[in-house]
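Have a look at the structure below before the remarks.
The values are calculated or read from the model by the stated rules, or taken from the named source; none is laboratory data. Values in this document were obtained by computation on a predicted structure and should not be read as measured data. A quick note on method: Cβ atoms are made from the backbone with ideal geometry, for glycine too, and the neighbour counts reach across all protein chains shown. The protein model used for the area step is the full one, side chains on, heavy atoms only, and it has no ligands, DNA or RNA in it. Shrake-Rupley method; radii C 1.70, N 1.55, O 1.52, S 1.80 Å.
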Amino acid sequence: MAQALNDLLSEWIQTAFETVFSQDVEQIGRVTVVASARPEHGDYQCNDCMRLAKVLKQAPRQIAETFVSAVEKPDCVRALEVAGPGFINISLDDQWLAEWMASLADDERLGVPRQGEGTTIVMDYGSPNITKPLHIGHLRSHNIGSALDRVHRFLGYHVVADNHLGDWGTQFGITILGYRHFGDKQKMREYPLEELERVYVKSYEKTKEDSEWLDACRQELVKLQSGDPETLALWEDFTRWSIEELERVYARLNVSFDMVRGESHYRNKLKPIVERLEAEGLTRISEGATVVDLEEEKLPLAIVRKSDGGFNYATTDLATVASRIDEFSPERIIYITDERQQLHFKQVFAICRRLGITTRLDHVWFGLMRLPDATFSTREGNVIKLESLLDKAEELALNLVRESSSDMPSEQQQDVARAVGIGAVKYADLSQNPQSLVTFTWEKALALDGNSGPYLQYAYARIASVNDKYKVQFPETDPSAYPLQFTESIERALAIKILRFSESVILAADSYKPSALTDYLYELAQMYSTFYQNVPFLKAPEGVRESRVRLCGLVARVLKQGLDLLGLETPERI
RNA sequence: GUACCCAUGGCUCAAUUGGAUAGAGCACCUGACUACGGAUCAGGAGGUUGCAGGUUCGAUUCCUGCUGGGUACGCCA
């Protein structure tokens, strides 16, 4: 299956229009087909006749009727119907549908094309500042980034996922000096990140009222950046502890990277990139700092070298782009960060253009997570740690599992609770438009019913259970030996939903919205639940029974694959 | 002051990127033969899509202005 059905139909209708209206071929433009919102409007529809009324100088309805009576229908189309002002409603052929479903069943990719074959993408997500525990605000970049990573990989893109840790900034000066004065060696060994955070907060507080302290912090950073062995050793310890801690949380979250390179990785490339900018004549000195004017792009100027000679984050990001291009030659680099960095990336991208870099650079930003009453920050101390959210989610799920699956071995209950609890948290985040601002509430993050991860996992587990029962009751029969048939309308609707899986995966990738995939999966699960609840299958007559079991099997595979692309597990029993 | 984003039933969110009667979940109300797993299903009630204009055959979607909220704007990342 080389392409999704909507693309296939769009290509057909494009050439068909050009054939039927051959005298006006240059004026026709792009004609496409989209899925219909309501069953009365067919399975797919074409809305272009209204637009074409002007260029063809005919009534839209007339155009549609001319087209429908003149065109030769492809095998997959049963009927074309003109409706309303000039919509063309397309109904798929049942026989063709059954065959397409059969071919999906044989396809391990469930019809999803490898549209990204041969294309390399660097994805930059996660990227927390280290030496502090992750809080709930860190969930989004990791979660959205990881889902987009998986979706692109599945579409055949060569993805290089890099966790661009904040490990070289000013906060290290603050932390190191704080450690020297208030660090507790014992606690540092037991809870390194908690202790480092405590030390950071205390030291940060002091910078606000004590300018000598602030200068001393800057000195620590200078020592670090100039390679002072003792300071560097401290930095290495902090970094190692932080990464070990991160890896542990990442394992719980089921996120992983191809590489974990911090800003420090590029520390020797900062000076060269500024020199390159200078050589290109893009810089000037302003108040002692080296800056790039971006008036042409209607952006504020960007500082690439501070007046004290130090480099800042714009410099690091520029050096990082150059380095990634040298190393991976990607077609695209995607950054997944919160909305506050929009201007920053616009500036960085603009400077890259000035340097002649043509690689596509995308900034995927998402809305900040806030608490009902306020934004939170490490400095303010009103944070909810990511791990305590995960703990709470697992605990809640465990209570539920113990109640509903009391006969399950306790170890399995724990595993299920882990999958369901973490799934609930991740799904709640992924299922909304990334760009909307998220107000964190426990109720939302831990939702187990309605449009939630557990609802989908539950649907999956029910199918797994049905499959087992079928095998026990009919050990000798192989459902795949029976043809698919659609005796109830819900079965046909399910089949069409299943074959649209590829459309939703592509949409999620192209629009950078995992929510496109969650929406699809939720609708599929809803449809399946309706089917399950209202149509008997183990008790259905032979043939119908096998067809329905096959349909169930396909729904299960789509759910499993889809949830996997979102980073959710699908236990066989819940 | 400038730029970007958001505003949809009581609450949380959708709307196939300009299409037909704006869809779900939560909460609320009424139902489901001891049922292939009730974490479910069937149904009900709930809307002038922030306001005012404009473009279009057609606007929740695009444009302009306003209101309210968020974020960012030279040496933090």
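Data overview
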{"item": "Residue list for the range A:440-454, filter: near RNA strand B (Cβ under 6 Å from one of its atoms) and either assigned by TED's automatic domain parsing to the domain that holds A:Asp338 or touching a Pro at 6+ places or on another chain (Cβ under 7 Å) (or both)", "result": "A:Leu448"}
{"item": "The range A:488-505 - residue that is under 20 Å from A:Pro113 (Cα atoms) and within 10 Å of RNA strand B (Cβ to nearest atom) and, of those, most open to solvent (accessible area, probe 1.4 Å)", "result": "A:Arg500"}
{"item": "Set A:Asp124, A:Asp94: member being exposed (fewer than 15 other Cβ atoms within 10 Å of the Cβ) and either within 15 Å of RNA strand B (Cβ to nearest atom) or of a type outside the set (A, V, I, L, M) (or both)", "result": "A:Asp94"}
{"item": "Evaluation of A:Pro434 against (1) open to solvent by 10 Å² or more (accessible area, probe 1.4 Å); (2) modelled with pLDDT under 95 (one fails), failing number", "result": "(1)"}
{"item": "Index of the failed condition, A:Thr439 passing every other in (1) modelled with pLDDT of 90 or more; (2) touching a Lys or Arg at 6+ places or on another chain (Cβ under 7 Å)", "result": "(1)"}
{"item": "Criterion (within 30 Å of A:Ala161 (Cα to Cα) and at pLDDT 90 or above) met by exactly one of A:Leu398, A:Leu389, A:Leu368", "result": "A:Leu389"}
{"item": "Residue count for the range A:100-153, restricted to those that are closer than 25 Å to A:Ser511 by Cα and outside any helix (DSSP H, G or I)", "result": "21"}
{"item": "Entirely in the range A:4-67, the helices (runs of 4 or more DSSP H) that have 1 or more residues that are among the β-branched types (Val, Ile, Thr) and on the phi > 0 side of the Ramachandran plot", "result": "none"}
{"item": "Qualifying position, being surrounded by fewer than 19 Cβ atoms within 10 Å (Cβ to Cβ) and touching a helix residue (DSSP H, G or I) at 6+ places or on another chain (Cβ under 7 Å), among A:Arg189, A:Arg261, A:Arg252, A:Arg240", "result": "A:Arg252"}
{"item": "Subset of the range A:127-140 (residues that are open to solvent by 10 Å² or more (accessible area, probe 1.4 Å) and either in contact with a Leu (Cβ under 6 Å, 6 or more places away or on another chain) or of a type outside the set (D, E, K, R) (or both))", "result": "A:Ser127, A:Asn129, A:Pro133, A:Leu134, A:His135, A:Gly137, A:His138"}
{"item": "Boolean, A:Asp429 is among the charged types (D, E, K, R) and within 23 Å of A:His138 (Cβ to Cβ)", "result": "yes"}
{"item": "Hits in the range A:336-371 - residues which are outside any helix (DSSP H, G or I), within 9 Å of RNA strand B (Cβ to nearest atom) and not aromatic (Phe, Trp, Tyr)", "result": "A:Thr337, A:Asp338, A:Gly367, A:Leu368, A:Arg370"}
{"item": "Residue list for the range A:510-541, restricted to those being under 16 Å from A:Glu488 (Cα atoms), outside any helix (DSSP H, G or I) and either open to solvent by less than 60 Å² (accessible area, probe 1.4 Å) or near RNA strand B (Cβ under 6 Å from one of its atoms) (or both)", "result": "A:Val535, A:Pro536, A:Phe537, A:Leu538, A:Lys539, A:Ala540"}
{"item": "Residue satisfying condition, being at pLDDT below 95 and open to solvent by 50 Å² or more (accessible area, probe 1.4 Å), within set A:Asp429, A:Asp415, A:Asp478", "result": "A:Asp478"}
{"item": "Candidates A:Ser388, A:Ser465, A:Ser480, A:Ser404, filtered to the one that is closer than 30 Å to A:Val151 by Cα and either near RNA strand B (Cβ under 8 Å from one of its atoms) or of a type in the set (Val, Ile, Thr) (or both)", "result": "A:Ser465"}
{"item": "Failed item in (1) aliphatic (A, V, I, L, M); (2) within 19 Å of A:Ser264 (Cβ to Cβ); (3) buried (at least 23 other Cβ atoms within 10 Å of the Cβ), with A:Val151 passing the rest", "result": "(2)"}
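Here's the yes/no breakdown for (1) under 14 Å from the mean Cα position of the chain (by Cα); (2) at pLDDT 95 or above:
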site: A:Thr119; (1), (2): no, yes
site: A:Met123; (1), (2): yes, yes
site: A:Ile136; (1), (2): no, no
site: A:Gly145; (1), (2): yes, yes
site: A:Val159; (1), (2): yes, yes
site: A:Asn163; (1), (2): no, yes
